[in-house]
Each structure stands twice: as structure tokens, then as C-alpha cells.
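All remarks here apply to the structure that follows.
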Amino acid sequence: MNRVFITDKITNPDIEKEVLGDELSSKLHEDIEVLLVWHKKISNEYIDKLPNLKAMVRYGVGYDVFEDIEYIKQKGIYASNTPDYGTEEVSDTAIAMIMNIARGITRYDYQCRDYKDGSWQANTLKNIKRNSDYKLGVIGAGRIGGSVILKANSLRLQTYFYDPYLSSGTEKMLGAKRVDSLDELLETCDIISINCPLNKETNAMVDEKFISKMKKGASLVNTARGAIVKDLDVFYEPLKSEHINCVSLDVLPSEPPKSGLMIDAWRAKENWLDGRFLINRHSAFYSDKAYFEMRQKAALNAKRVLDGKKPINIVNGLN
């Protein structure tokens with residue numbers, strides 16, 4: 001009894017208790033067999049204090065909270081995530097950000113506050129194009145990225161993607177053009193949507209060099225992981241010089257954001273930003289149903305372990 005512990009965030013575990021009943025413990029102790037993890041960093045030292053630990057289940061998609069995946073595997077402990085709870089919500093947010101860029105909605109809102117009679121309708125953004133003339137490039141065409149592509153197709157955007165890990169033929173299923181290199185995607189597309197996982201390859205991927213390769217006047221959307229961006233200040237000069245048009249972020253390298261050139265300009269609502277830098281407070285995953293589904297699925301995965309089964313969505317390669 002009391003073999004499952006929630007490490008952080010959840011103060012009222014009513015959803016988990018529906019699944020796990022008395023197996024849910026209010027305290028961490030040596031007999032814990034499964035951890036349900038939100039944002040707490042799980043170190044090797046933390047694991048070593050739990051001799052009966054069999055599995056750890058991350059509530060969300062990303063699993064960089066597990067600091068040493070290889071060590072966890074060597075200990076014979078399963079590490080799992082919950083990747084399929086908010087696919088629609090995150091891809092919908094990405095599409096909303098993409099369409100905001102394409103149609104200039106926040107820019108028009110920002111600009112028209114001081115318009116007077118005679119100038120109201122005349123001030124159109126000259127770089128606004130028809131949807132079918134925009135090229136959307138998606139980095140990572142898995143569950144969420146693939147959903148973004150399919151939705152963008154229905155809006156008549158031209159869709160491209162870069163994902164070296166997907167099998168040949170995925171492009172036919174998605175109805176998108178596949179490119180062989182990240183550089184090609186950046187040079188080709190008007191809007192880049194980041195939908196890849198955070199790992200050693202993608203950590204700080206969006207840096208000065210990345211942005212310099214983007215098509216002049218292109219825009220960026222990130223609804224994946226904040227640390228894929230090196231830091232927010234990499235956007236400051238490119239936005240100010242209009243090398244890039246817009247940046248829309250659901251996730252940030254540091255949350256909440258610290259002071260810096262970009263954040264200070266955003267907070268001050270400096271005129272040159274002109275509604276082109278948009279922050280969503282890491283909430284793309286959320287809807288009432290998605291939040292419930294995430295917690296229920298994580299708890300059900302923990303129950304599998306208690307019932308002597310392997311968890312699903314194993315991320316550390318333990319068979």
C-alpha cells in the first residue's frame with residue numbers, strides 16, 4: 001500500500017486517487033515504487049534514496065526532468081512520459097500563432113490604437129500575403145508537428161518539414177514536402193514552427209547562427225520546449241532590424257522570464273516591436289479535458305507498474 005508518490009505541483013490529487021486509491025502516498029518513503037513527476041528534477045541522489053523504485057512517470061511530454069536517463073536504465077527503473085494528452089491543444093495554439101503572423105492580427109491591434117479619422121482602414125501591412133503563398137516549415141513532424149501540418153494544409157498553406165527520424169513516406173501521409181536539411185527549411189520557409197523534442201541535438205538549437213540562416217522577413221513559432229532557444233536576446237537585433245518579422249513563443253528558456261534586452265523591450269511595449277513578439281505563458285497544453293486526461297493517463301501508467309506490467313511510453317530504452 002501507498003506505493004505511488006507525486007513529487008510536485010499537484011496539491012489536490014483527486015484525479016490520481018480515482019485511479020490509484022490507497023496506493024497514493026502523501027509522503028516520500030523507502031517503499032515507494034512509482035513516482036509521478038511534474039517539474040521536479042530527478043537526480044541520481046534522489047533515486048538512490050528509493051531502493052524499491054520501479055518506474056517514474058512524467059506528467060507531460062518532455063522528460064528532461066530525468067537528469068540521467070542512462071543511470072535510470074542501469075538501475076532497472078523505467079522512465080516514461082505522457083505524450084498523447086494535449087496534441088490537439090498544442091497544435092491548435094501553434095496554428096493560432098501561425099495564423100496571427102499570416103494575418104497580422106496582433107500587429108493591427110497594436111498599431112490602430114492611435115489612428116485618427118481618415119487613416120483607420122488605409123493602414124494595411126504590406127507584407128501580408130494570401131495563405132496559399134506562405135511556406136510553413138515544421139521542425140519535428142511527430143504527433144504535434146504532424147497535426148500542425150495537417151491543419152495548415154486545410155488552411156491552404158504550403159507545408160514543409162524537417163525530421164531525420166521519421167521513415168520514408170511520412171511526407172505522403174502528411175501531404176507535405178520533406179526537406180533533407182535544417183538549412184534548406186530555414187532558407188525556404190516564411191514561418192518556422194518548432195515541434196521537436198528537447199535533447200542534446202536540439203538544446204539551444206535556435207541561436208544567432210540559426211536565425212541568420214532564416215529567410216529574410218521570416219517568422220518563428222515555438223510551442224515545443226523553451227530550452228530549444230539559446231536565450232531570448234538572440235531575437236532582439238533580428239527583430240529590431242526586421243531580419244525576422246515575428247516571434248511567437250509558448251515556452252521560454254527560463255520561466256518566468258528574467259530581465260534582458262528582449263524581455264525589457266517587450267515589457268516596456270517599445271514601439272519598434274509593433275506587436276511582433278508574442279508570449280503565451282506555457283499554456284498551450286491546457287484545456288479542461290486535456291488537463292484531466294494528462295493526469296489520468298499518468299496515473300493509469302503508474303497502476304500498470306503496480307499490477308506487474310511494463311509502463312507504456314518508455315523513454316529510457318529499458319525493455
Would you say Lys310 is open to solvent by 60 Å² or more (accessible area, probe 1.4 Å), out of contact with any Pro (no Cβ under 7 Å at 6 or more places or on another chain), modelled with pLDDT of 95 or more and within 12 Å of Tyr85 (Cβ to Cβ)?
no
Pairs returned, first residue in region 161-173 that is in a loop (DSSP other than H, G, I, E, B), second residue that is exposed (fewer than 10 other Cβ atoms within 10 Å of the Cβ), beta-carbon separation under 9 angstrom, 6 or more apart or interchain, are Pro164/Asp180
Residue count, region 31-79, condition assigned to a loop (DSSP other than H, G, I, E, B), within 18 Å of Lys310 (Cβ to Cβ) and aliphatic (A, V, I, L, M), comes to 2
Note: among Asn199, Asn153, Asn195, just one is crowded, with 19+ Cβ neighbours inside 10 Å and within 21 Å of the chain's Cα centre (by Cα), namely Asn195
Subset of region 112-140 (residues that are outside any helix (DSSP H, G or I), at pLDDT 95 or above and of a type in the set (D, E, K, R)):
Lys129, Arg130, Lys135
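Scan region 205-226 residue by residue and report those that are touching a residue at least 40 places away in the same chain (Cβ under 8 Å), open to solvent by 30 Å² or more (accessible area, probe 1.4 Å) and small (Gly, Ala, Ser).
Within region 205-226, just Gly217 meets the criteria.
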All but one of (1) closer than 21 Å to Thr223 by Cα; (2) open to solvent by 70 Å² or more (accessible area, probe 1.4 Å); (3) modelled with pLDDT under 95; (4) not β-branched (Val, Ile, Thr) hold for Asp109; state the number of the condition that does not hold.
(1)
Is it the case that Glu16 is acidic (Asp, Glu), under 26 Å from the mean Cα position of the chain (by Cα), under 26 Å from Ser287 (Cβ atoms) and not in a loop (DSSP other than H, G, I, E, B)?
yes
With the checklist (1) closer than 20 Å to Ala227 by Cα; (2) open to solvent by less than 60 Å² (accessible area, probe 1.4 Å) in hand, flag the one item Tyr63 doesn't pass.
(2)
Where the second residue is acidic (Asp, Glu) and at pLDDT 95 or above and the first is open to solvent by less than 30 Å² (accessible area, probe 1.4 Å) and lies in region 130-141, which pairs have Cβ atoms under 6 Å and are six or more apart or on separate chains?
Tyr134/Asp190; Gly140/Asp163; Ala141/Asp163
Scan (1) crowded, with 20+ Cβ neighbours inside 10 Å; (2) closer than 24 Å to Ala227 by Cα for the single condition Ala55 breaks and write down its number.
(2)
When only residues in region 264-281 that are open to solvent by less than 60 Å² (accessible area, probe 1.4 Å) and assigned to a loop (DSSP other than H, G, I, E, B) count, which is nearest to Asn199 (Cα to Cα)?
Asn280
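Residue-wise test of (1) crowded, with 17+ Cβ neighbours inside 10 Å; (2) touching a residue at least 12 places away in the same chain (Cβ under 8 Å); (3) not in a loop (DSSP other than H, G, I, E, B).
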{"residue": "Leu239", "(1), (2), (3)": "yes, yes, yes"}
{"residue": "Cys246", "(1), (2), (3)": "yes, yes, yes"}
{"residue": "Val251", "(1), (2), (3)": "yes, yes, no"}
{"residue": "Glu255", "(1), (2), (3)": "no, yes, no"}
{"residue": "Met262", "(1), (2), (3)": "yes, yes, yes"}
{"residue": "Tyr286", "(1), (2), (3)": "no, yes, no"}
{"residue": "Ala298", "(1), (2), (3)": "yes, yes, yes"}
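The values are calculated or read from the model by the stated rules, or taken from the named source; none is laboratory data. Nothing here was measured: the structure is a model prediction, and the numbers come from that model. Note: ideal-geometry Cβ built from the backbone for every residue, glycine included; neighbour counts use all protein chains shown. Accessible surface areas use protein heavy atoms only, side chains included; no ligands, DNA or RNA. Shrake-Rupley method; radii C 1.70, N 1.55, O 1.52, S 1.80 Å.
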